[in-house]
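Enquirer: My questions will all concern the structure given below.
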Amino acid sequence: MKDGQRSENLEALTFPDESFDLIIPQDVFEHVLRPAKAFAEIARTLKPGGAHVYTVPYYRGKKTVARAVSNGNEGITHLMKPDYHVNPIDTAGSLVVTEWGDELCDFVFRFSRMTTAIYNFYHPRLGLKGEFLDVLISRKASVADFVAESGRHRVGAEIS
């Protein structure tokens, strides 16, 4: 708890397995020191068929850049000049650890087995213009997904 608000560590969530249908963190994954653990934890706490809907600065057309890494002793090794974003619950701000690029969807799948779609909402006529208008949706597969997929490619069926 911080100032009466629950605050969870995405790398070690305290919720039981398959607790949620939907998880919505906004603009935090650039600050997570161990994002592989965080995506795995989100997948663990989602129910089958559940979704992780989130925003993160996404640098389309660029490679992901690690700006800092854990040094294994609960400390941080800076690989670049530190950059901090405003944080409403910490006046020191939040360190930018990762600038996510085109590998983001593959990274999420590798550590969580969730598939991810990226939706961009750039629409100048509606006043939506600028950087980082992406919403990402990672989905945990359900048994129904596997049944539907297996029905498309039956064993012994000829695929043309």
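The numbers here are math on the coordinates, done by the rules we state, and not lab data. Computed from a predicted model, the values in this text were never measured in an experiment. Counting neighbours? That spans all protein chains shown, and the Cβs are built from the backbone with ideal geometry, glycine included.
Enquirer: Could you pull out every one of the lysines with an alpha carbon less than 28 Å from that of Lys63, ignoring same-chain neighbours closer than 8 positions?
Expert: The reachable lysines, counting only those whose Cα sits under 28 Å from Lys63, are Lys37, Lys81, Lys129, Lys140.
Enquirer: Mind sorting out which of (1) 2.07; (2) 1.03; (3) 0.93 is the real Rg/Rh (Cα atoms, Kirkwood Rh) computed from the coordinates?
Expert: (2)
Enquirer: Dipole magnitude of the chain about its Cα centre, charges +1 at Lys/Arg Cβ and -1 at Asp/Glu Cβ only, in debye to the nearest 20? The partial results should precede the final answer.
Expert: Working: 19 positive and 21 negative charges, 61 e Å.
Value, rounded to 20: 300 debye.
Enquirer: Also, I was wondering about something else. Give the order of Val97, Val86 when sorted by the count of other beta carbons within 10 angstrom, beginning with the fewest. Present the calculation step by step, with values, prior to reporting the outcome.
Expert: Working: Val97 23, Val86 8.
With the sparsest Cβ surroundings first, the list reads Val86, Val97.
Enquirer: A further question follows. On a 0 to 90° scale, report how tilted helix 35-45 is relative to the longest principal axis of the chain, with both axes built from alpha carbons and the result rounded to the nearest 10.
Expert: Its long axis makes an angle of about 50 degrees.
Enquirer: Taking Cα atoms, how many degrees apart are the long axis of helix 143-152 and the longest axis of the chain, rounded to 10 and kept between 0 and 90?
Expert: 50 degrees
Enquirer: Let me ask something additional. Choose one of Leu128, Leu79, Trp100: the residue whose Cα lies farthest towards the positive end of the charge dipole of the chain (beta-carbon charges +1 Lys, Arg; -1 Asp, Glu; about the Cα centre).
Expert: Among Leu128, Leu79, Trp100, the one farthest towards the positive end of the dipole of the chain is Leu128.
Enquirer: For the residues Arg125, Arg44, what sequence is obtained by ranking on other C-beta atoms within 10 Å, fewest first?
Expert: Result, fewest neighbours first: Arg125, Arg44.
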